[in-house]
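Data block below; observations after.
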Amino acid sequence: MNSPVLADLPTHATALVWRGVGPEATADFDITDLPLTPEEGDAVVQVDFATVCGSDRHTVEGRRPGACPSVLGHEAVGRLVRVPPGRLGVTGTELQVGDRVIWSVIAACAGPQRCDRCRAGLSAKCRNLRKTGHEALDSGWPLSGGYASHVVLPPGLAIAPVPASVDDLPAATAACAAATVMACRQAATDITPIGGQRVLIIGAGMLGLYAAAVSATGGAAEVVVVDPDPTRRGLAEQFGATSTAATADGALADVVFELSGAPSSVRAGLAALDVGGVLVLAGSVAPHGTIEVDPEQVVRRLITVRGVHNYEPPHLDEAVRFLADTDWPWHLVIGDPVPLAELPEVFARPVRPEVLRAGVRLSSGAR
C-alpha cells in the first residue's frame, strides 16, 4: 500500500484566476500563487495539459453564472504527485504517485453517509455536489480547476488512469465531452442498441464529433450529423458521419442525440424519431424557452425522451478506453497549445469553427 507524498509538494500552486466579467477579457484574469495545502484524504495532480470547454467560454463571457474569483478549467490531464493510502481509481485499482490521470467534473459526497442520490447511482446530482473548475477561491476548494500547475482532488471525485497510448489532447477532453457522450450512449442503449440503427446527431461541436465517432465505432447503420456551419459538417465527416446536413428536415432516425440545445433542434429531433425511437437531450443546459410536445405522437410512436447532464464515474473510464481503442484524428480540432499566461488572450479571441478546443500546456512533461 502506498503512502502520501508530501515532501516533494511545493507550498504554492501557480494558477490563472478568473476575476469576473469585465470590459476587457485580458483584465478579467491574473496569474497568482495559491497555497497548496491538501487535506488528509485529498490527492494532488500536477497538471500537464488542459483544454477550454465551451462552458468555460460561456462563463467568462457572462452567458452562464460562475463562482468568482475562481480557477476555471475542467478538462485536463496530469500526473499524481500525492495519493492518500487506499485511494482507488474508477476501475477499482489503487492509485499510485506518478500515475497519469484525468478526473471527473463531479465531486460527490463520499463515505458511509452518502446522500440518497449517490446511493441510487445519480452522483451527477449529488445533494452535496461540487464541480471541478467551478468553485470559488473562498469555497474551501480553491484549487479545483485545471488552469493551474496543480489541482487538488478531494474524496468523492472519480479519477481514471490514462494509458501512454492516449495523447494529452484527447485525454483532457475525455473528462467532459467524451465522458458526457458515454452517458448519452448509455441513455440510448438502455432503450435500443446503436449497432445497425440510424443515428441522427444535432450539433457538431466536440460532443457531436464524439457522438459521431462513438456511433460509427458501435456499428450504426447511418450516422447523420446536422449543423448549420459547413466547416463543422466537414469535420464530422472525418469522425464517422456517413452524411451531413444543415438542418434535420425530413430526417428519420432510431436514435437522436440533441447536443445544441436550440428549441428548434429539439423539435426537429422529436419529429425525426421513427417508431420505438429514443431522443437523448444533452445540449439543453441553459433556459432557451419551451417546446410543445404532442403526447399522442409520443404514445403512438412509442417514443422515449431522456435527459443527460454530466455523467457517472464508469463513464469516465469508458471515455478513456474509447480513446485507447480507437484512432480518430482529434488533433484536427484542438488548437496549438499555448502557455498559461496566454490563455486570457485565447478567451478574448473569436472562436474559429474548426478549433473546437483551445489547448493549454502547463508543464514540460505534456505530450
Multiply the residue separation of Ala286 and Leu332 by 0.36 nm, subtract the distance between their alpha-carbon atoms, and state the gained length in nm to one decimal.
-> 13.7 nm
List the trypsin sites (Lys or Arg not before Pro) within segment 34-131 that fall in a DSSP loop (any state other than H, G, I, E or B) and whose Cβ has at most 13 other Cβ atoms within 10 Å.
-> Arg63, Arg127
Starting from the amide H of Val81, placed 1.01 Å from N in the peptide plane, find each other amide H under 5 Å away whose residue is 5 or more places distant or on another chain.
-> Val44, Val45, Gln46, Gly98
Nonlocal amide H pairs with Ala220, under 5 Å, H built at 1.01 Å = Gly196
Ranked by how many other beta carbons lie within 10 Å on average, peptides 274-282, 324-332 from highest = 274-282, 324-332
Work out from phi, with θ = phi - 60° and the Karplus expression 6.51 cos²θ - 1.76 cosθ + 1.60, the ³J(HN,Hα) of each residue of segment 260-272, listed in order in whole Hz, and give x for Gly and Pro.
-> 9, x, 6, x, 5, 6, 5, 4, 5, x, 4, 5, 7
Take the Cβ-Cβ distance between Arg19 and Arg301 as r, set R0 to 45 Å, and report the resulting FRET efficiency rounded to the nearest 0.05.
-> 0.35
For Thr247 and Asp116 in the same chain, what is the full-extension length gain: residue separation times 0.36 nm, less their Cα-Cα distance, in nm?
-> 43.0 nm
What are the residues whose amide H is under 5 Å from the amide H of Ala358, where those residues sit 5 or more places off or on another chain and H is modelled from the backbone?
-> Val52, Gly335
Which loop GluC sites (Glu not before Pro) in segment 266-349, with loop taken from DSSP, have no more than 16 other Cβ atoms within 10 angstrom of their Cβ?
-> Glu292
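Any read-out appearing in this document is the output of simple, stated calculations on the displayed coordinates, not a laboratory observation. This structure is a prediction, so every number in the text was calculated from the model and none was measured. Cβ atoms come from the backbone with ideal geometry, glycine included; neighbour counts cover every protein chain shown.
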